[in-house]
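The values are calculated or read from the model by the stated rules, or taken from the named source; none is laboratory data. Computed from a prediction, not measured in an experiment: that's the story for all the values here. Methodologically, a virtual Cβ is constructed for each residue, glycine included, from the backbone with ideal geometry; neighbour enumeration extends over all protein chains shown.
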Amino acid sequence: MTPGIPIGGLCAACYAGVGRRAARIARLVAAGTTIPLAIYVTLSLPATREARIVGAAAVVVWYVLTSVIGRRIAWEWLK
């Protein structure tokens with residue numbers, strides 16, 4: 001029990017530590033799901049410039065979204 005912190009709350013140092021661990025987990029999850037997607041997109045799309053640009057954009061969006069979702073899930077799990 002720490003004065004000023006409600007039950008179940010986190011101090012500033014713990015908050016930062018949980019945030020760092022959640023970000024690390026999210027990066028690993030995002031990379032682990034994005035690499036197979038990038039391989040699939042590379043092999044399945046035609047070799048035109050427009051298709052490659054759309055595929056690359058889709059892979060980047062996928063990485064960002066899975067990173068954000070993974071960070072939030074990891075944060076709730078680690079708290």
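Figures for the structure shown
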{"quantity": "Selection within the stretch 1-52 - polar (S, T, N, Q) and loosely packed, with under 11 Cβ neighbours inside 10 Å", "calculated": "2, 44, 48"}
{"quantity": "Residue within the stretch 15-32 that is modelled with pLDDT of 95 or more and over 9 Å from the mean Cα position of the chain (by Cα) present", "calculated": "yes"}
{"quantity": "Hey, residue 51 more than 15 Å from the chain's Cα centre (by Cα), outside any helix (DSSP H, G or I) and farther than 30 Å from residue 8 by Cβ or not", "calculated": "no"}
{"quantity": "Top-ranked residue in the stretch 58-77 [being surrounded by 14 or more Cβ atoms within 10 Å (Cβ to Cβ) and more than 24 Å from residue 40 (Cα to Cα); ranked as nearest to the chain's Cα centre (by Cα)]", "calculated": "71"}
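A quick yes/no check of all residues on (1) more than 19 Å from residue 77 (Cα to Cα); (2) touching a residue at least 12 places away in the same chain (Cβ under 8 Å); (3) not acidic (Asp, Glu):
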| position | (1), (2), (3) |
| --- | --- |
| 13 | no, no, yes |
| 21 | no, yes, yes |
| 26 | no, yes, yes |
| 30 | no, yes, yes |
| 39 | yes, no, yes |
| 44 | yes, no, yes |
| 49 | yes, no, yes |
| 53 | yes, no, yes |
